[in-house]
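**Student:** The structure under discussion is supplied below as structure tokens; questions concerning it will follow.
Please treat every number below as a calculation from the coordinates, not as lab data. These figures come from a predicted structure and were not determined experimentally. So basically every Cβ, Gly included, is an ideal-geometry build from the backbone, and we count neighbours across all protein chains shown.
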Amino acid sequence: MSNTVIKIENLSKIYRLGEVGTGTLSHDLNRFVRMNILGQDDPYAKVGHVNDRTQKAEKGELVAALRDINLEVKEGEVLGIIGKNGAGKSTLLKLLSRVTSPTTGSIKVKGRLASLLEVGTGFHPEMTGRENIYMNGTIMGMRKWEIDRKLDEIVEFAGVAKYLDTPTKRYSSGMTVRLGFAIAAHLEPEILVVDEVLAVGDAEFQKKAIGKMQDVSQNQGRTVLFVSHNMGSIQHLCNGVTVMNNGSIIYRGTTDKGIEKYLNLNIGNTNKSLNERTDRKYSGRIKFQDINILNEQGIQIDQIPTGCAVSFRLKIQANTKVEKVGLRLLFVNTKGQTLFLCNNAYSSQLININKDLNIDCFIPKIPLPEGIYYLHLTAFSENGIEDDIEFVKEIQIISGNFFETGKTPVLKEGLFVDHHFEIDNGK
Amino acid sequence: MEKYDLIIRPKRHAFDINFKEIWAYRDLLKMFVKRDIITVYKQTILGPIWFVVQPILTTLIYMVVFGRIAQISTDGTPQILFYLAGITIWNYFSESFNKTATTFKENANIFGKVYFPRLIMPFAKVTSGLIKFGIQFAFFMIVYGYYLFTQEGAVQPNWSITLLPVYILLMAMFGLGTGIIFTSWTTKYRDLTFLLTFGVQLLMYASPVIYPVSTIEPGMMKDILMLNPFTPILEGFKYAFLGAGHFSWMSLGYSATVATVILFLGIIIFHKTERNFIDTV
């Protein structure tokens, strides 16, 4: 019964660092003339870079984003793909989506494959919801008659029936995302490749989206490949995972084991200085350089007692002026589950960054029970992610006086919250 | 051996173009055309009217500069019609070229997110360009009708008017072919974009848009002009409607051959670029 529907064999993707040419015709001509006719050195070689043509391959110019990947996916499987930033997940997705082509190896696919690297691709704000459904649907490879048949279902799923003939520029961003996902969900491909699009949208819709994905895989026997950083949804959705690291697959098997492998992989990284971390999504505009934990007196500490007031001091380097920056600190436990987050986009205001800054995130009462936790850091702006690092720091929480009563219960998991009890005297 | 529906491999050779797949995506072509139309019409109330303003103003300028001041002959036909005819058909080429020459740059985002046969995009641009051409052509026909019915003998339409679809098709092929070559090159060489702005302009002066071939004395200049593959189209178009110009099956055949070769080369180059284009942006 379990048919192989995706077979990846010896797949590699090699990128050249920098451009293939120098980027402009005049530079290339100049280089050609100087090197081949005048016999001079390459005028555009990087300074401090040994320009040895006999060692072309080892020059460090070529980077294998994927190295000899072999993977088989069976029909009806929901496979989670996890790995750090830069592990090659996105490259694998791009190859599967045929956005770019591999350097060596092959991917064989049985049935229709639809990939969701983004929802609502091709949406035009001037077009109505209905027009955009057709636009996006056809971009994803549906025929017009297929969309005709599914239109009502899509509209109902997205909950936009009232606004179907309104231009989507008047939609809220949530509505636009819902519409985009609704179209994608009704593609009915045999294989669906999803990239964390579930991270967007409101809670109710996320539930709906995850439900739809489960429905697709369990009841319709379709195959789903799911890339996510959220171990919670991976655990919830997938019946198998593959862990990637440095362009290779290092584990393929059960979800629990895979998540454990992935977490172990990351833990070593937390010792590295933030500035030197390369496993980040980075726009080049602003960069996290360092992070420190300070107590109320402004003294750097390594261990935080539960219930203590702390500041997380982020040192941010600004390479250019970036407006309306949101900073997110995500606290996860050793199972990779998110516990809580701090985000200035919600709790205070977006920040304009035009020079190197220290920004403090103040938490009046740290709610974590005794144990080890990890911190993920993200900076984003209207242009998307500016810098993103996972497992930035290991946080050690020691037993503390959360309720200021001197008594603290032992909690294996979960969080403390402030509360009090009152006797209702009855009226 | 198991059967797979789709095999993604590194190297496809130059001629391995999946036309069947392009056909399967024909609904997408229609949607892109529809999107172009909607966005043009919705942005301004006067949207389509601007399409007519440009040829009117250009014609007026040509009448003053080339007709009055330089006194270049228009082969005995009314100046306004002569210039308008040239501009109308030439515009379709330049519009097609300009729109397709930015295919990769304009669509980098969408190309990075989803797969569809990339050629659909320039095809759609050339098709939606027909609308603008249609409006400009309709305007030309109004002016033309005025001369045809009120000024006896000013224009002499003839049988070759039936070749109009051929002229349009050839202009589309030239626009598409050169456009997709250009957009492929600019992914690697950004500085070629500078050519875009004045290249079409230069090409226009090298083609008989604002002057008839008959004003050029036989000799080397004329030979070069006849080698220009646009010459038979422009002359043929004017000949069909105005009765002044040059028409021969030979030169039309020559033009068609060049157009086919350019389009063919364009598709190959475009196809080669599209595979890994997203890695270089």
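**Student:** Please rank A:Thr103, A:Thr168, fewest neighbouring Cβ atoms within 10 Å first, as an exposure proxy.
**Tutor:** Ascending Cβ contact count within 10 Å gives the list A:Thr103, A:Thr168.
**Student:** Which whole-angstrom value gives the distance between the alpha carbon centres of region A:121-191 and region B:158-176?
**Tutor:** 38 Å
**Student:** What does the charge count around A:Gly88 come to, taking other residues whose C-beta lies under 9 Å from its C-beta (Lys +1, Arg +1, Asp -1, Glu -1)?
**Tutor:** +3
**Student:** Moving to a separate point now. How much length would be gained if the chain were fully extended between A:Lys321 and A:Lys355, taking 0.36 nm per residue of separation minus their Cα-Cα distance, in nm to one decimal?
**Tutor:** Going from the current span to full extension adds 11.5 nm.
**Student:** Here's a follow-up. Please find, in a Gaussian network model of chain B (springs between Cα atoms separated by less than 10 Å), the residue of B:Leu57, B:Leu169, B:Leu203 whose mean-square fluctuation is greatest.
**Tutor:** Fluctuation is largest for B:Leu57.
**Student:** Okay, moving on. Arranged by the count of other C-beta atoms within 10 angstrom, fewest first, what order do B:Met31, A:Met213 take?
**Tutor:** Listed from fewest to most nearby Cβ atoms, that is A:Met213, B:Met31.
**Student:** Using only Cα atoms, find the angle between the long axis of helix B:231-242 and the longest principal axis of chain B, and express it within 0 to 90 degrees, rounded to the nearest 10.
**Tutor:** 50 degrees
**Student:** Given all pairs of different Cα atoms, what value in angstroms does the Kirkwood hydrodynamic radius of chain A take?
**Tutor:** In chain A this quantity evaluates to 24.7 Å.
**Student:** What is chain A's relative contact order, in percent, from Cα pairs under 8 angstrom and six or more apart in sequence?
**Tutor:** Relative contact order of chain A: 14 percent.
**Student:** Here's a follow-up. Provide A:Ser348, B:Ser207 in ascending order of the number of other Cβ atoms located within 10 Å of each residue's Cβ, fewest first.
**Tutor:** On the way: A:Ser348 10, B:Ser207 21.
The most exposed by this proxy come first: A:Ser348, B:Ser207.
**Student:** With each label point set 7 Å from Cα along the Cα-Cβ vector, what nm distance links A:Gln297 and A:Ser173?
**Tutor:** Rounded to a tenth, the inter-label distance reads 4.2 nm.
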